[in-house]
Amino acid sequence: MAGVNLRDVTKKYGRTEAVKGVSFDIADGELLVILGPSGCGKTSTLRMIAGLETVSSGSISFDGRPVTTVPPARRNVAMAFENYGLYEHWTVFDNIAYPLRLRGLDDGGVRRKVTAVAEQLQITDVLRTRPAGLSGGMRQRIGLARALVRDPSVFLLDEPMSHVDADLRNDLRAEIKRIHLEVGSTMIIVTHDQLDALTMADRILVMDDGRIEQLDTPAAVYDTPATTFVAGFIGEPPMNLLSARRADGGDVLTLDGGGRFAPPPSLLDAVPTGADVTVGFRPHRVRLEPTAARTTPAGDLGLDATVYMVEPLGDRTLVTVRCGDTRMKVDLPGTPEFTVDQPVRLTADRADVHVFDPTGRRIDRADTRRAAAA
Amino acid sequence: MRAAGWGRRTVLFVWVLFALFPVYWTFITAFKQQVDIYDGPRFIPFVDFQPTTQAWRTLFGDGGGDFFDKFANSIIFSGVSSLLAVILGGFAAYGLARHSYKYGPYRNDDLSFLIVSQRIMPPIVSVLALYVVFVNLRLLDSSFGMILAYTAMNLPLTVYLLRTFFEAIPVEVEHAAALDGYPQWQRLARVVFPLAAPGLAAAFLLSFFFAWNDFLFSLMLTFNDAQTLPLYITSLNAQSQPLWWLISAVGLVALVPPAIVTVVLDRFMARQVLIGGMR
Amino acid sequence: METLTVTGVTKTFGGPRPAVDELSFTLGGGEFGVVVGPSGAGKTTLLNMIAGLVPPDTGEITLDGASLAGTAPERRDIAMVFENYALYPHLSVRRNLEFPLRAPVRRGTLSRSQITDRVTQVAETLRIPHLLDRLPSQLSGGQRQRVSLGRALVRRPRLLLLDEPITHLDAKLRHEMRTELKRIQRELGVTTLYATPDQSDALALADLVVVLDAGRAWQVGTAADVYERPANVTVARTLGDPRINLLPGRRDAAGVTVLGQRVDADHGPAGPVTVGVRPGDVELSTEPLAGAAAGRVLLAQTLGYQDVVYVDVEGATVRATVPAGIVARPGDPAWVRLPAARLHVFEAASGQALRHREVV
Ligand SMILES: Nc1ncnc2c1ncn2[C@@H]1O[C@H](COP(=O)(O)OP(=O)(O)OP(=O)(O)O)[C@@H](O)[C@H]1O
Ligand SMILES: Nc1ncnc2c1ncn2[C@@H]1O[C@H](COP(=O)(O)OP(=O)(O)OP(=O)(O)O)[C@@H](O)[C@H]1O
Ligand SMILES: [Mg+2]
Ligand SMILES: [Mg+2]
């Protein structure tokens, strides 16, 4: 088991810079999920940690021991690949046993370890079969088993669920998390699916375009996204983002499409005037009411809009509203009665509204800024 | 960096010299006279020897004999047989790619193998059999017979090659065309064949080269009217002193049609990238 | 406004069981139907049969009262958006959109300028006018999806078939496209059948839901029907996210016993039952609770807007959703109570529903 530290790590492939100087630390036994859109450098980062890819500049260490130039075989990392990398003509048992035999473990030891890990992953029944006919979820587990069986100090998974359909995905998330709790080894998982990240991670590393956007717990990433990118990438549906402006000396922000938002004074100080800022709110943190029945107290965020579409989801309902050219999602409990093209008023509490500066970085309220610094 | 760049360039330059030398040699030989050839190697025109157009005048004048007939034969046989091989092979390959056939225990893959297996035999074996058939059918030394022979030789190749090309086209694209209101033959013309263009071009090219460069079939199955360029060249060689300047001139001319075909079809082959956009 | 009926349709590809098995439903003119089911359920096969790309073994499909049997796909005037978009890679976006309008079956019905107008109009609706001169290979997944939809809509088909059109998009785009799709369908009023493995698509879009699994329709009804009144265990399991809890229980004259607790629901003949309870209906507490079963937290996951807690109760795993931010650690003791009014009860052997939860 080991912690992992990266310092100013970059990766260049010829002229393209896939990873543009990232530094972060993973604690021993932590489950870190690297999350980002396609091509943002997730796999490259993972492969550098595994040693399968050279580092263009910067350094990587495990528990303070530099490993930047150590070959993969001597790093004691295990990696399960996007496409499982199973040997189709071997039995499942032999597939899992392979890394142990490679290390010269005797037959008794191999059998004991494979049986143990197979039990843990509930694949004992298929140990004698070949992987060829097995379902995606099963193959997934076999890939995991083969990686787990070596007791690696760092355990790397690249898109472990990309081939699994939605139903099984849910189960596998819980499974991987449970395995991590049991095994307790450091785990790094790469995915582009925000739900994978929220549901499995101790901490999430959000990447975009080769850079780190945020590194924090799932709750923090969700509740206090550091950038508009993170805000718009996480959540199902993700955060509504509207551009807004603060007039010189004004104490309200005027939203695109005519709404207004009066931030608390502790936040207002930090909002620049005369520049486009971004205001964001989560779909389930707003109220929606027919304009006629309007009862909103002044001072909160308020926006007049019309209903664009209503999508019931069983126990909750997604209402899309249109305000000028922007469309926003509102996530309401139950099955409220709204009809298409109905005029509505959308309101939100100050505490639920996020403001981002013209460069897209989050502006924190002064008191939480102090709290965070302390 | 710069040093490495120069090193690489030098190596490439030497390689190019090496590769192009035979072409160069043929080229200058076509402008030599008898003495320049038999009197030791001469390398550089105007310095080593005085170029003349004598070979060309002979070739295009009266001395060329039936050069033009043979040249035309070569072009017609290669062109028509390749076209037939691509069209017939295209339909066969499309069928193999899109439909499931069942003849007794045989399926598509078996049929495909059966077709390719025709080429496992050395051509000399097939050509002897063909000879007997041609004698009986009175096809010896006929244009029709030669086109038939080349088409038959090329079909296995085109079927095999094109089948993989058609299989690479997602069937949904054809389904989309069906729902868009295009009947079967229109779907082939508007969607399938354009998408398989790189394959069709490659198949045509390989067929063309085979027929163009063939010597054996021509030797066995023709004696006069239907002879092709390679045989004509041999006839120039058959004399006590080979007419190197003429052979070189014919050789140069023989380079032209394949070169033109390659340049024209190369643009279609470049369309391969399109397949990337299909999924 | 064309009504689609599917009656007793079966298709076997030579596998052990039919890909589509005795399927019947009626989709009213102008309605939005959704076929929902897992991978391999037979969704694509069904759409292909309606489109005429695959002949059914038995059964009848009619559109606007007339049987489609024997009509070639190009004469059905049905449009389909394929799972992999199936754009014509060698044609520009504009040519792709024009393609159906220039088809032999429509020759002479539209002038050149009418074709241009239609294409411009549909491109604007789908917000792709700036892409018209590109090739499909130069488009992103979401853009390809819109072109594919545009190609289906441009000719105003009698029936629109959509095969997982948004499954492969990222969360944000998927939501945007889904809303847009519903809006466009409403505006055009074209009868639409949409296949998806995603239950939220079904609930969000459908006038009519067909729950398909292993080739069979397990229930046909409105979104509210299949969600609130699932006819059997399969339907209950298909709809809802996080998935419904299905727990073994017993029923007798006094009520239902589940998780070792007697809940006052559904007095009936004695026998084993499967109790279904949606994670949102489970009452979870970190302190002992009257009528609650004691268990231990296995796992807590956050979905952002809420958390899902997995609790182990006597070997059964119960999923409960709680507001985000309530901390539950693996190993913590927890108490689970299942409110009698919110239980679905299914016969254990057949999986048929005996009772549904009460709507609040
Ligand atoms: N071997 C390579 N040679 C050249 N460029 C590469 C190579 N591998 C990756 N890249 C480029 O580096 C960038 C980051 O790639 P990487 O595979 O790390 O992305 P990713 O985040 O894993 O994406 P995905 O989610 O699509 O797997 C991309 O722009 C990619 O095209
Ligand atoms: N052409 C075919 N030949 C043989 N079997 C087929 C064929 N098409 C489909 N099947 C089988 O029929 C069943 C249903 O397949 P279908 O493609 O309709 O499922 P689906 O619901 O669309 O699944 P997915 O969500 O994965 O697209 C599957 O078991 C599949 O293997
Ligand atoms: Mg990757
Ligand atoms: Mg399908």
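The values are calculated or read from the model by the stated rules, or taken from the named source; none is laboratory data. What you see is a predicted model; the values in this text were computed from it and never measured. Heads up, the Cβs are rebuilt from the backbone with ideal geometry, glycines too, and the neighbour counts pull from every protein chain shown. To get the accessible areas, we keep the full protein, side chains included, count just its heavy atoms, and leave off ligands, DNA and RNA. Shrake-Rupley method; radii C 1.70, N 1.55, O 1.52, S 1.80 Å.
Across the range A:141-254, the relative contact order, built from alpha-carbon pairs under 8 Å that are at least six residues apart, equals 16 percent. Projecting label points 7 angstrom from Cα along Cα→Cβ for B:Phe91 and A:Arg65 puts them 7.1 nm apart. Placing a pseudo-label 7 Å from each Cα along the Cα-to-Cβ vector at B:Asp266 and C:Arg250 gives an inter-label distance of 8.4 nm.
Charge dipole (Cα centre; +1 on Lys/Arg Cβ, -1 on Asp/Glu Cβ; no other charges) of the range C:4-238 amounts to roughly 880 debye. Amide H of A:Thr68: which non-local residues (sequence gap of 5 or more, or other chain) have their own amide H closer than 5 Å, using H built in the peptide plane? Close amide H contacts, sequence-distant or interchain: A:Ile60. Since only B:Phe77, B:Tyr38, B:Ala92 are under comparison, the one whose Cα sits farthest along the positive direction of the charge dipole of the range B:1-106, derived from C-beta charges on Lys, Arg, Asp and Glu, is B:Ala92. Stretched out straight at 0.36 nm per residue, the stretch from B:Phe193 to B:Arg119 would grow longer than its current Cα-Cα span by 24.1 nm. Seen against the Cα atoms of chain A and their longest principal axis, helix A:92-102 is set at about 70 degrees. Which parts of the range A:333-356 would a label at A:Glu289 reach, counting a residue when its backbone N lies under 19 Å from a point 7 Å out along Cα-to-Cβ? Only A:333-339, A:342-353 fall inside the zone, counting backbone N under 19 Å.
Mean residue ellipticity at 222 nm, helices only, the protein assembly as shown: -11500 deg cm²/dmol; runs of at least 4 DSSP H residues each add -39,500 (n - 2.57), and the sum is divided by the number of residues. For A:Glu182 and C:Ser39, the FRET efficiency from 1/(1 + (r/R0)^6), where r spans their Cβ atoms and R0 equals 35 Å, is about 0.75. Between the Cα long axis of helix C:112-125 and the first principal axis of chain C there is an angle of about 20°, rounded to the nearest 10. For chain B, a/c is not less than 1.5, where a ≥ b ≥ c are the root eigenvalues of the C-alpha gyration tensor, and a/b does not top b/c. That puts it in the oblate class. Ordering A:Pro237, A:Ala351, A:Gln194 by Cα displacement along the dipole of the protein assembly as shown toward the positive end leaves A:Gln194 in first place; charges were set at the Cβ atoms of Lys, Arg (+1) and Asp, Glu (-1). Rounded to the nearest 20 debye, the dipole size of the range C:245-355 about its Cα centre is 100 debye, using +1 on the Cβ of Lys and Arg and -1 on the Cβ of Asp and Glu. Counted by Cβ distance under 12 Å from A:Asp63, the other residues give a net charge of 0, where Lys and Arg count +1 and Asp and Glu count -1.
Estimated at the nearest 10 Å², the accessible area of A:Leu86 is 20 Å² with a 1.4 Å probe.
Restricting the range C:110-185 to GluC sites (Glu not before Pro) that sit in a DSSP loop and have at most 10 other Cβ atoms within 10 Å of their own Cβ leaves nothing.
For B:Asn136 and B:Asp66, the difference between the fully extended length at 0.36 nm per residue and the C-alpha to C-alpha distance is 22.4 nm.
Across chain B, Cα pairs under 8 Å and at least six residues apart give a relative contact order of 28 percent. Annotation: for a label point projected 7 angstrom from Cα along Cα→Cβ of B:Phe209, residues of the range B:161-184 with backbone N closer than 16 Å are B:161-162. Summing charges over all other residues whose Cβ lies under 11 Å from the Cβ of C:Gln143, with Lys and Arg as +1 and Asp and Glu as -1, gives +4. Rounded to the nearest 20 debye, the dipole size of chain A about its Cα centre is 1000 debye, using +1 on the Cβ of Lys and Arg and -1 on the Cβ of Asp and Glu. Between the amide H of A:Thr224 and any residue lying 5 or more places away or on another chain, no distance stays under 5 Å, with hydrogens modeled in the peptide plane. Averaging the sequence gap over all C-alpha pairs within less than 8 Å and six or more residues apart, then dividing by the number of residues, gives the range C:31-117 a relative contact order of 17 percent.
Near the amide H of A:Thr317, within less than 5 Å, lie the amide hydrogens of A:Leu332, A:Gly334, all on another chain or at least 5 residues away, with H placed in the peptide plane.
For A:Glu119, B:Glu167, the ranking by accessible surface with the largest value first comes to A:Glu119, B:Glu167, using a 1.4 Å probe. Using the Cβ of A:Asp25 as centre and a radius below 15 Å, the other residues enclosed give a net charge of -3, where K and R count +1 and D and E count -1. Counts of other chain beta carbons within 10 angstrom of each beta carbon in peptide C:87-96 average 5. Counting only heavy atoms of the protein chains and using a 1.4 Å probe, A:Cys323 has close to 0 Å² of accessible surface. Computed from the Cβ-Cβ distance with R0 of 45 Å, the FRET efficiency linking A:Thr115 to C:Thr7 stands at 0.25.
With the charge dipole of the protein assembly as shown set up from +1 on Lys and Arg Cβ and -1 on Asp and Glu Cβ about the Cα centre, the Cα lying farthest toward the positive end among the listed residues C:Gly30, A:Gly51, C:Tyr310 is that of A:Gly51.
Normalising by residue count, the range B:167-228 has a Cα convex hull of 113 Å³ per residue. Label positions at B:Tyr103 and C:Asp312, each projected 7 Å from the Cα along the C-beta direction, are separated by 6.4 nm. Per-residue 3J(HN,Hα) values for the range C:75-90, derived from phi via the Karplus relation 6.51 cos²θ - 1.76 cosθ + 1.60 with θ = phi - 60°, read 9, 8, 6, 10, 10, 9, 9, 8, 3, 9, 6, 6, 6, 7, x, 8 Hz in sequence order (x marks Gly and Pro). Placing a label point 7 Å from the Cα of A:Asp209 along the Cα-to-Cβ line, the residues of the range A:339-364 whose backbone N sits under 13 Å from it are A:359-361. For A:Asp209, what accessible area in Å² do you get when you roll a 1.4 Å probe over the heavy atoms of the protein chains, rounding to the nearest 10? Here the residue's solvent-accessible area equals roughly 80 Å².
Length gained on full extension, C:Ala66 to C:Arg95: 7.2 nm, using 0.36 nm per residue less the C-alpha separation. Give the shape of the range A:4-228 as rounded, prolate or oblate, defined through the alpha-carbon gyration tensor: a ≥ b ≥ c are the square roots of its eigenvalues, a/c under 1.5 means rounded, and otherwise the shape is prolate if a/b is larger than b/c and oblate if not. Prolate, because a/c is 1.5 or more and a/b exceeds b/c. The percentage of C-alpha pairs in the range A:110-165 whose separation is greater than 20 Å is 24%.
Which angle from 0 to 90°, rounded to the nearest 10, does the C-alpha axis of helix B:143-168 make with the longest principal axis of chain B? Here the helix axis deviates by roughly 50 degrees.
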